[in-house]
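The values are calculated or read from the model by the stated rules, or taken from the named source; none is laboratory data. Keep in mind that this is a model prediction, so the values were computed, not measured. Here the Cβ is made from the backbone with ideal geometry for all residues, glycine too, and neighbour counts use every protein chain on show.
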Amino acid sequence: MRFLFTTAVLPSHLYALVPLAWSLRAAGHDVLVCTLDNFLPTVQRAGLPVTSCGPAMEFAAFMRPLEGGMHRAAGRGWARLAAHTLPGTRAVVEAFRPDVVVHEWTEFAGPIAACAAGTPWVEVRWGVGPLPEYRSAAEEELMPALAALGLPGLPLPRTVIDPWPPSMRRPHAAAHRSVRFVAYDEDACLPDWLLAARRRPRLCVTLGTVLPRHAGPATALRFIATLATAVVSRLDAEVVVGVYDDLARRWKNRPAGVRHAGWLPLAQAIAASDAVVHHGGQQTMLTALAAGLPQVVIPHIADQFDNADALVAAGAGIGLAREEASVGAVVKACAELLDRKSYAAAATALAEEIAAQPTPADLVPALCEVAG
């Protein structure tokens, strides 16, 4: 069978799709990813066949500030991206003739093109919260395109695939089909020291792939550098910093206790740590939970607030509002994670819950059934 994957032009959105795409390929099915010109190299590094659905469009171009609140503004931003990609996506659907379209849930051109062609589609969810404003705002923004196709609104998927542990899910996700979270870390080499025994506690610090690039690289690096230095000096711990290599090179005079700063295979770096400090993105949070690690979360945008709330409610971490997240407050939270075993116990229970979910490979027959 043929499966077409569609994704927004952000690495973390693609990362949620890669394990499923590779499971389908390993089972002998044809897989093609459809995205914009500027995102083709990122997909190529995942080793997946990819084709363009249109000329480049950068994040800042479609996600410009709008009125109506953060979530509605984001929904309109994703809709502008979809309007830009829809003609090319429809052309790819017509040429490739997929049996199923698989999209991550903020990529709206894929399901519209699938619906117009009479092709079933599947949604891969990210984020634990429902974020209804995304869909309603996107629907308003895309109404002219939808009306031109005779669609009264954004179409609904045949099924939704959800990698979150069932105990952390909200009521809106009750009917979602579970899949085990499997981390994808792009093209990062595994340093030999990650496999060696460590002599003191280790914390992994990362702000993911979006914030360091789009919310002020200098600010992000300054916060990470100050925090890492404080952790090393006050907690007698070493720190691993996951950040883009070009940002890491700007950090001069790193303290000796900073074991590494740069691009890393995050799953292995987190598994070789004792706790994680991060922004609350799905990929980072689920990578840490799959490893059974407690977390300090400082949410900034989008799904990160709901993710942080769910983690705290599960007892597996500490959430800090951005305005409360001074270096001292974060270091204190890290010390609490290391000292109180209840956080690690709750994280371990969630890791066991994740491991009990069907693997991406287990879902292949169900995805084939979607094609009817």
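Could you tell me whether any residue of the stretch 219-236 is within 23 Å of Leu14 (Cα to Cα) and either touching a Phe, Trp or Tyr at 6+ places or on another chain (Cβ under 9 Å) or not assigned by TED's automatic domain parsing to the domain that holds Pro11 (or both)?
Just the residues of the stretch 219-236 that are within 23 Å of Leu14 (Cα to Cα), to begin with: 220.
Now narrow it down to the ones that are either touching a Phe, Trp or Tyr at 6+ places or on another chain (Cβ under 9 Å) or not assigned by TED's automatic domain parsing to the domain that holds Pro11 (or both): 220.
Yes: one or more hits.
The set of residues in the stretch 294-329 that are without any contact (Cβ under 8 Å) to a residue 60 or more places away in the chain and part of a loop (DSSP other than H, G, I, E, B) comprises Pro294, Ile298, Pro299, Gly315, Ala316, Leu320, Ala321, Ala325, Ser326. Checked against the criterion of being of a type in the set (Asp, Glu) and either part of a strand (DSSP E or B) or farther than 30 Å from His71 by Cβ (or both), the stretch 264-287 has at least one qualifying residue. Quick check on my filter: what residues within the stretch 237-280 are touching an Asp or Glu at 6+ places or on another chain (Cβ under 8 Å) and free of Cβ contacts under 8 Å to residues at least 60 places away in the same chain? Those that are touching an Asp or Glu at 6+ places or on another chain (Cβ under 8 Å) and free of Cβ contacts under 8 Å to residues at least 60 places away in the same chain: Gly257, Val258, Gly262, Gly280. Arg64 satisfies every condition listed in (1) modelled with pLDDT under 95; (2) surrounded by fewer than 17 Cβ atoms within 10 Å (Cβ to Cβ); (3) part of a helix (DSSP H, G or I) except (3).
Scanning the stretch 148-171 for residues that are within 19 Å of the chain's Cα centre (by Cα) and in a helix (DSSP H, G or I), which turns out farthest from Ile354 (Cα to Cα)?
Initially, the stretch 148-171 is screened for residues within 19 Å of the chain's Cα centre (by Cα), giving 160-166, 168-170.
Pick out the ones that are also in a helix (DSSP H, G or I) and you get 166, 168.
Working: Pro166: 8, Met168: 11 Å.
In this case the residue turns out to be Met168.
Filtered by the rule that a residue be under 22 Å from Arg80 (Cβ atoms), in contact with a Ser or Thr (Cβ under 8 Å, 6 or more places away or on another chain) and either assigned to a helix (DSSP H, G or I) or of a type in the set (Val, Ile, Thr) (or both), the stretch 1-41 gives Thr6, Thr7, Val9, Pro11, Ser12, His13, Leu14, Val33, Thr35, Asp37, Phe39, Leu40. Checked against the criterion of being within 27 Å of Leu40 (Cα to Cα) and in contact (Cβ under 8 Å) with a residue 40 or more places away in the chain, the candidates Val231, Val210 yield just one match: Val210.
Out of all the residues in the stretch 80-100, is one or more among the basic types (Lys, Arg), assigned to a loop (DSSP other than H, G, I, E, B), assigned by TED's automatic domain parsing to the domain that holds His29 and more than 22 Å from the chain's Cα centre (by Cα)? Lay out the reasoning, then the answer.
Initial filter on the stretch 80-100 (among the basic types (Lys, Arg)): 80, 90, 97.
Cutting the leftovers down to assigned to a loop (DSSP other than H, G, I, E, B) gives us 97.
Subsequent filtering for residues that are assigned by TED's automatic domain parsing to the domain that holds His29 retains 97.
Imposing the further condition that a residue be more than 22 Å from the chain's Cα centre (by Cα) reduces the set to 97.
Looking for residues that are among the basic types (Lys, Arg), assigned to a loop (DSSP other than H, G, I, E, B), assigned by TED's automatic domain parsing to the domain that holds His29 and more than 22 Å from the chain's Cα centre (by Cα), one finds at least one in the stretch 80-100, hence yes.
Does the stretch 101-122 contain at least one residue that is in a loop (DSSP other than H, G, I, E, B), surrounded by fewer than 23 Cβ atoms within 10 Å (Cβ to Cβ) and without any contact (Cβ under 8 Å) to a residue 12 or more places away in the chain? Yes.
Do the conditions hold for Ala145, that is, is it touching a residue at least 24 places away in the same chain (Cβ under 8 Å), assigned to a helix (DSSP H, G or I), touching an Asp or Glu at 6+ places or on another chain (Cβ under 8 Å) and not assigned by TED's automatic domain parsing to the domain that holds Asp303? Spelling it out, it is not the case that Ala145 is touching a residue at least 24 places away in the same chain (Cβ under 8 Å), assigned to a helix (DSSP H, G or I), touching an Asp or Glu at 6+ places or on another chain (Cβ under 8 Å) and not assigned by TED's automatic domain parsing to the domain that holds Asp303. Out of curiosity, is Leu40 among the aliphatic types (A, V, I, L, M) and crowded, with 23+ Cβ neighbours inside 10 Å? Taking the combined requirement at face value, the residue does not satisfy it.
Just to verify a result, which residue in the stretch 204-235, among those that are of a type in the set (D, E, K, R) and at pLDDT below 85, is surrounded by the fewest Cβ atoms within 10 Å (Cβ to Cβ)? Spell out the reasoning first.
Restricting attention to the stretch 204-235, the residues satisfying the condition of being of a type in the set (D, E, K, R) are 213, 222, 234.
Among the residues that remain, those that are also at pLDDT below 85 are: 213, 222.
Details: Arg213: 18, Arg222: 13.
So, considering only residues that are of a type in the set (D, E, K, R) and at pLDDT below 85, the one surrounded by the fewest Cβ atoms within 10 Å (Cβ to Cβ) is Arg222.
Test Gly129 against the stated conditions and say whether it is at pLDDT 90 or above, part of a loop (DSSP other than H, G, I, E, B) and in contact with a helix residue (DSSP H, G or I) (Cβ under 8 Å, 6 or more places away or on another chain). So Gly129 fits the description; yes.
So, Ala116, is that one touching a Phe, Trp or Tyr at 6+ places or on another chain (Cβ under 8 Å), closer than 22 Å to Leu156 by Cα and not basic (Lys, Arg) or not? No: the conditions fail for Ala116.
Is it the case that Arg198 is of a type in the set (D, E, K, R) and part of a loop (DSSP other than H, G, I, E, B)? So that I can check it myself, show each step before the final result.
Values: of a type in the set (D, E, K, R): yes; part of a loop (DSSP other than H, G, I, E, B): yes.
Answer is yes for this residue.
Restricting the stretch 330-372 to residues that are among the charged types (D, E, K, R) and assigned to a helix (DSSP H, G or I), the residue that is surrounded by the most Cβ atoms within 10 Å (Cβ to Cβ) is Glu353.
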